[in-house]
Amino acid sequence: MRTASLIDARAGYFVDEAYELIPANGLLKGENCYWRDGLQQRGGHQPYATATYSASDVIRGVSRRHNIVNRWINIEAIDLNASGNVQFYYRATTALRAIDASYTFRTGNKVYFGEIDGKIVAVNGVDKPAIIYYEDAITWTSRTSASARQWFSVCWSPELSLFCAVAYDGTVGVQVMTSPDGTTWTARTSASAQQWRSICWSPELTLFCAVADNGAAGVQVMSSPDGITWTSRTSASAQQWRSVCWSPELTLFCAVAFNGAAGVQVMTSPDGITWTSRTSASAQQWQSVCWSPELTLFCAVSYNGAVGVQVMTSPDGTTWTSRTSASAQEWSSICWSPELALFCAVALNGAVGVQVMTSPDGTTWTSRTSASAQGWMSVCWSPELMLFCAIADNGAAGVQVMTSPDGTTWTSRTSASALQWLSICWSPELSLFCAVAYDGAVGVQVMTSPDGLTIKNLEAYDERDRDETTWNAGQYTVAGTVYTDDTTDAQDAGADDFQLVSSTNGDGFFIACTHTFNKVVLKSAQQAAGSPVAVYEYYADDSTWKSCSMVTTPTWTAAAGDRTIEFNYPSDMGRWDGSESILTNRFMFRVRFTTAPTGAFSCDYATVHHTQYITQITGSDQPHYVIAHNSRLWLAVGYIVYYSPPNQVTGWRGLSESEYFLEGGPEIRSMVSHKGYLVVFKDNAIYAFYGNSLDSFLRKKMADVGIEEILSSVSGGEEVYYLSQDGVRMFNGPKNIRVSKHIKSDIEGFTRTGAVAIYYKGEVWLSFPSESKLLVFDPATMRVDEETGDGAVSFFKFTGYKVDYFINCNGKGDTKKLLAVVNDSTPYIAELETGTNDKDRAGSNVNIDYRFKTNYFALINILQEKRYGIAKFKLKEATAETTYALTLEADGGARTKSANIVVALGTGYYNHVSKIPYELDGYNLAVEIRNNQLQDAGFRGLSLEYEKKEF
């Protein structure tokens, strides 16, 4: 029989064979047993996220990390000030960003997430489900500039978290403005009043640098370490400097000029202070320059010249070579996409077919078709969105922005207002485009656009448009209760031909559909005269008309335009059972004007929709758990699971695409996707479901033991591990084994509320936040007692760790980090498996010297049990290669075995497994580990696995 035991370096306990916890100072003996000092400290974690939470905020749910539009992000549901108002945020790096708050949860329940096809669904069992997704459209919002100037260029500093823009006109006090968010701008004083044309940021120098196209050489450049204090620098010569960029690889600024001889049209500087003239490839009106780190190449484009001289490239900023453009246009801006390995340039003139050009190397250029023929002034690249975005200085708002995922296919977007937009940049940290304009009032001179991540009510996202073949419409006449069919006029595009009401009180119109619906849109409705009053009714399954609970009520006297009527779907909506053939067996909705307008009014046509289908199929209950499994989303509602079509979050259906899990409690508690099976947990039952439809499926109740906490189940290797009412259990289909017997007296005393689990780097992590404790074990150490059927594992226990949620994506994104989300007085996020606090008694001048002894492994005679086993050490990788000396001894030191553990250079953690030699049969076994190399090293714990053998 094999079992497991533990020396717990954190809490100071040793687990004996009787499955009871024995205080370290009672059973463990020997020198240097630092059980009550160094090994008790919190360690193995460090702060991860920036301080983005407020006091009293409560994190109600955290998703794992998902790849959404080529970014690894996780979603957080935050109960703001514990008010019950839960808003959604996302985290791509360490910073937390708000998602559009157009839809929030109004109750402070725990939130659970599932993702399919780049779309994340959130549920909490009370509010209607939310969907978070990337909307492939750029929405721009006007922002107020610091003053009404001719803003010519804007850039972003990640290190300062700051936008900075420069102006072409104005006095020194208003020629620069900065903003931490693109919304609030502050005027800054320039070094001198020049026509500032371009600005860039150097992370290596922590320096802004701007160039002007007028003035004497001594004032044509200015630099600033913070965007606030600016200092004049002397240009290489007095030219019309149009563009400046920075090369981190060369540690070099490079600027190009619109005028001058070739010998003075380029200048470079290693520091932004001292500038040197360089010779351009030819004397052209150079308008824009950028740097490609991957090609180690500068590339510049010109406003004039023949195709053979409109582009020039340089590997060093000194030697420039002419390249042939795709066509002779007024090229105004160029940028580089590392992800696509592509230059992209835009032009001020020309037909749509020649206004964009791209090149993989700066040498060979290909014409691309712009979204529309505008004066394109600036283009930039967003790596996070995998998107080029360009802006124009002319045209209507609807065509002043264009975007492209590849530089080839471009789509028009609508600017915030029709201005002369001159410069655009991208902030990865804010996930924000920012553009500035040459003209306009202060309130519209800046516009920003978020990354397109948005949130909606899942039902609204899953809106069903009812086909015209499924519905009829017409007029309702109160006199005689007449329903007159006018479907043709209600569905064609004829102007004002579908009458909505006469001038008689009580008259109105109706919609009759073979499918349920709850929304009608009246297109181009006329403005009603007088003061009409309408009532909105549906036909119920008891053959009576009932009032609708309205979501959107139209204003009939508003100016002519679309009118939307939406009501909450009523569960008792029934089919018409009257005699009218056009209505028979159809769902009915009507609008009666109890006070009619002073004259009849009409609309062009109507459309019919259903926006609350999930409510229809689930009734008054809302989904309380969601999971992605086999390319579908699965929503748990009570004891029923509904599943979506493959790779979709829309098109939900009723009981025809659902599964029942009746036994074991009133509702499903949790679900885990495991090796093709959906494992469904209830309070007192486990089910396994296999298959994607009722045509091919297997559903089987596998156990009468259920889960205790919703997030305490995890797929770990070959098995599923979960926290049940009697401890930790392992489930693999045929077997449901209790694996916590050896820690019974400890774990049964834990408060298990909020327990969460995760599978990380081959280990199962189980957190008990109410206890501030973690249990961590390797499933490979699992052993089963053949007599009792119970299992045991070798585990580490850590105290002082309060983890409410784990974040990890199993080796994808964010350098494989394991993050702990903690609901403290002010929530915070910590990174586990790291941190200086984990170097227990280790450092530049401290040795590691630990010694443990066990007295109960006694061997009395040869006929009794002998024990052999494996010691597993968890060590911190060193900043330099480090050797630990390991010594095992028995019989009070009469028999010893020694070995070295070599830990390679690294910054993570290292598991070392050492088999206990057969000569050391367990009698008074002692384990000693030392490190005296004065290296940065650390010891985290030891789990000891042993084996009994009869002789």
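Of note:
- Residue match in the stretch 138-148 (condition: buried (at least 19 other Cβ atoms within 10 Å of the Cβ), within 23 Å of residue 829 (Cα to Cα) and in contact with a helix residue (DSSP H, G or I) (Cβ under 8 Å, 6 or more places away or on another chain)): no
Each row is one residue, and each column tells you yes or no for (1) loosely packed, with under 13 Cβ neighbours inside 10 Å; (2) under 30 Å from residue 107 (Cα atoms).
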{"residue": "568", "(1), (2)": "no, yes"}
{"residue": "571", "(1), (2)": "yes, yes"}
{"residue": "574", "(1), (2)": "no, no"}
{"residue": "583", "(1), (2)": "no, no"}
{"residue": "587", "(1), (2)": "no, no"}
{"residue": "590", "(1), (2)": "no, no"}
{"residue": "622", "(1), (2)": "no, yes"}
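- Residue match in the stretch 303-310 (condition: crowded, with 23+ Cβ neighbours inside 10 Å and hydrophobic (A, V, I, L, M, F, W, C)): no
- Given (1) modelled with pLDDT under 95; (2) buried (at least 16 other Cβ atoms within 10 Å of the Cβ); (3) part of a loop (DSSP other than H, G, I, E, B), index of the condition residue 417 fails: (1)
- Apart from one condition, residue 220 fits all of (1) more than 23 Å from residue 203 (Cα to Cα); (2) out of contact with any Asp or Glu (no Cβ under 7 Å at 6 or more places or on another chain); the exception is (1).
- Count of residues meeting criterion [touching a Pro at 6+ places or on another chain (Cβ under 9 Å), among the hydroxyl-bearing types (Ser, Thr, Tyr) and part of a strand (DSSP E or B)] in the stretch 201-230: 1
- Residue identified as more than 25 Å from residue 156 (Cβ to Cβ) and not polar (S, T, N, Q) among 238, 257: 238
- Residues that are closer than 25 Å to residue 344 by Cα and in contact with a helix residue (DSSP H, G or I) (Cβ under 7 Å, 6 or more places away or on another chain), drawn from the stretch 258-280: 279, 280
- Qualifying positions in the stretch 445-457 - more than 16 Å from residue 90 (Cα to Cα) and either at pLDDT below 95 or assigned to a strand (DSSP E or B) (or both): 446, 447, 448, 449, 457
- Test: residue in the stretch 99-113 that is more than 21 Å from the chain's Cα centre (by Cα), modelled with pLDDT of 90 or more and surrounded by fewer than 17 Cβ atoms within 10 Å (Cβ to Cβ): yes
- Yes/no for residue 211 being β-branched (Val, Ile, Thr) and within 15 Å of residue 167 (Cβ to Cβ): yes
- Scanning the stretch 176-183 for residues that are assigned by TED's automatic domain parsing to the domain that holds residue 379, surrounded by 21 or more Cβ atoms within 10 Å (Cβ to Cβ) and in a loop (DSSP other than H, G, I, E, B) turns up at least one hit.
- Of everything listed in (1) more than 44 Å from the chain's Cα centre (by Cα); (2) without any contact (Cβ under 8 Å) to a residue 40 or more places away in the chain, the single unmet condition for residue 476 is (2).
- Only listed residue being under 19 Å from residue 688 (Cα atoms) and basic (Lys, Arg), chosen from 592, 632: 632
- Comparison of 612, 648 shows that the only residue that is touching a Phe, Trp or Tyr at 6+ places or on another chain (Cβ under 7 Å) and more than 30 Å from residue 503 (Cα to Cα) is 612.
- Single unsatisfied condition, residue 522 versus (1) surrounded by fewer than 16 Cβ atoms within 10 Å (Cβ to Cβ); (2) hydrophobic (A, V, I, L, M, F, W, C); (3) in a strand (DSSP E or B): (1)
- Failed condition for residue 392, given (1) surrounded by fewer than 20 Cβ atoms within 10 Å (Cβ to Cβ); (2) more than 29 Å from the chain's Cα centre (by Cα); (3) small (Gly, Ala, Ser): (1)
- In the stretch 635-647, the residues that are in a loop (DSSP other than H, G, I, E, B) and either touching a strand residue (DSSP E or B) at 6+ places or on another chain (Cβ under 9 Å) or in contact (Cβ under 8 Å) with a residue 40 or more places away in the chain (or both): 639, 644, 645, 646, 647
- Here residue 594 passes the criteria (1) assigned to a strand (DSSP E or B); (2) surrounded by 15 or more Cβ atoms within 10 Å (Cβ to Cβ); (3) modelled with pLDDT of 95 or more except the one numbered (2).
- The residue list 191, 210, 187 contains one member that is assigned by TED's automatic domain parsing to the domain that holds residue 421, more than 33 Å from the chain's Cα centre (by Cα) and surrounded by fewer than 19 Cβ atoms within 10 Å (Cβ to Cβ), which is 187.
- Considering 516, 487, 504, 470, the condition of being outside the structural domain of residue 541 (by TED's automatic domain parsing) and polar (S, T, N, Q) is satisfied by 470 alone.
- Neighbours by Cβ (under 9 Å, 6+ apart or cross-chain): first from the stretch 187-214, acidic (Asp, Glu); second assigned to a loop (DSSP other than H, G, I, E, B) and buried (at least 18 other Cβ atoms within 10 Å of the Cβ): 213/168; 213/194; 213/195; 213/220; 213/239; 213/240; 213/258
- Residue among 709, 659 that alone is assigned to a loop (DSSP other than H, G, I, E, B) and either touching a helix residue (DSSP H, G or I) at 6+ places or on another chain (Cβ under 7 Å) or not basic (Lys, Arg) (or both): 709
- Single residue of 650, 615 found to be hydroxyl-bearing (Ser, Thr, Tyr), within 24 Å of residue 133 (Cβ to Cβ) and in a loop (DSSP other than H, G, I, E, B): 650
- Hey, residue 534 among the hydrophobic types (A, V, I, L, M, F, W, C), buried (at least 16 other Cβ atoms within 10 Å of the Cβ) and either modelled with pLDDT of 95 or more or touching a Gly at 6+ places or on another chain (Cβ under 6 Å) (or both) or not: yes
- Hits in the stretch 78-94 (condition: under 16 Å from residue 55 (Cα atoms) and in contact with a strand residue (DSSP E or B) (Cβ under 9 Å, 6 or more places away or on another chain)): 78, 79, 80, 81, 82, 84, 85, 86, 87
The values are calculated or read from the model by the stated rules, or taken from the named source; none is laboratory data. Note that the structure is predicted; figures quoted are calculated from it, not measured. Cβ sites come from the backbone with ideal geometry, for glycine too, and all protein chains shown count toward neighbours.
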